[in-house]
Amino acid sequence: MIEETIELRLDESGLAVDLPAPAHPNDRVEGVPYRPVQFRDDDLPTALERAAAWLRETETWLAEPVDVIAIHLDYDDAEGAPYYEVKLLCNEEDLAGAPLAVRKRADKP
């Protein structure tokens with residue numbers, strides 16, 4: 001197997017340097033990092049229930065709501081794969097525990 005490396009020209013925010021910028025000054029490409037958290041199952045209600053349970057557990061750990069910007073529903077019809085894919089697009093800093101670190105730092109005298 002031959003591995004091929006593709007070099008991307010990115011700016012400091014991780015966007016392609018040739019990406020057309022929105023023309024109007026009120027429009028922009030936002031720089032907030034988000035990461036998908038995926039739940040896969042052949043039964044959609046079960047996948048949604050597991051997503052909800054994970055959100056509750058994570059919000060308890062974080063001691064605040066998780067920043068979820070979108071919920072994406074897709075399917076995978078490949079043989080042997082779970083059919084439904086529920087993805088929560090979550091703030092990367094929340095998943096890294098940044099709010100916990102900020103509160104811990106603020107609590108130090």
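The values are calculated or read from the model by the stated rules, or taken from the named source; none is laboratory data. On a predicted model such as this, the values are computed, not experimentally measured, just so you know. Every residue, glycine as well, gets a Cβ built from its backbone with ideal geometry; the counts of neighbours run over all protein chains shown. The accessibility values were calculated without ligands, DNA or RNA, using every heavy atom of the protein model including side chains. Shrake-Rupley method; radii C 1.70, N 1.55, O 1.52, S 1.80 Å.
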Please pick out the residue among R40, R50, R103, R56 that is more than 19 Å from the chain's Cα centre (by Cα) and among the basic types (K, R). R103
Do you know which residues across the stretch 1-27 are part of a loop (DSSP other than H, G, I, E, B), in contact with a strand residue (DSSP E or B) (Cβ under 9 Å, 6 or more places away or on another chain) and among the aliphatic types (A, V, I, L, M)? L8, V17
Checklist (1) without any contact (Cβ under 8 Å) to a residue 60 or more places away in the chain; (2) of a type outside the set (A, V, I, L, M, F, W, C); (3) not in a loop (DSSP other than H, G, I, E, B) applied to R35, failing item: (1)
Among (1) assigned to a loop (DSSP other than H, G, I, E, B); (2) closer than 14 Å to C90 by Cα; (3) in contact with a Leu (Cβ under 7 Å, 6 or more places away or on another chain), there is one condition P65 misses while meeting the rest; what is its number? (3)
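Take the residues in the stretch 54-83 that are out of contact with any Phe, Trp or Tyr (no Cβ under 6 Å at 6 or more places or on another chain) and touching a residue at least 40 places away in the same chain (Cβ under 8 Å), then tell me which one is nearest to Q38 (Cα to Cα). Steps first, please.
Taking the stretch 54-83 first, the residues out of contact with any Phe, Trp or Tyr (no Cβ under 6 Å at 6 or more places or on another chain) are 54-68, 70-74, 76-82.
Filter once more, keeping what is touching a residue at least 40 places away in the same chain (Cβ under 8 Å): 63, 81-82.
Details: A63: 22, A81: 14, P82: 12 Å.
So the residue we want is P82.
Okay, residues lined up against (1) loosely packed, with under 11 Cβ neighbours inside 10 Å; (2) among the basic types (K, R); (3) closer than 25 Å to S13 by Cβ:
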| residue | (1), (2), (3) |
| --- | --- |
| R35 | no, yes, yes |
| R50 | no, yes, no |
| A70 | yes, no, yes |
| Y83 | no, no, no |
Among the candidates P65, P99, residue that is of a type outside the set (D, E, K, R) and at pLDDT below 90: P99
What pairs come up if the first residue lies in the stretch 1-22 and is more than 15 Å from P33 (Cα to Cα), the second is open to solvent by less than 100 Å² (accessible area, probe 1.4 Å), and their beta carbons are under 6 Å apart, counting only those six or more places apart or on different chains? R9/V17; V17/D11
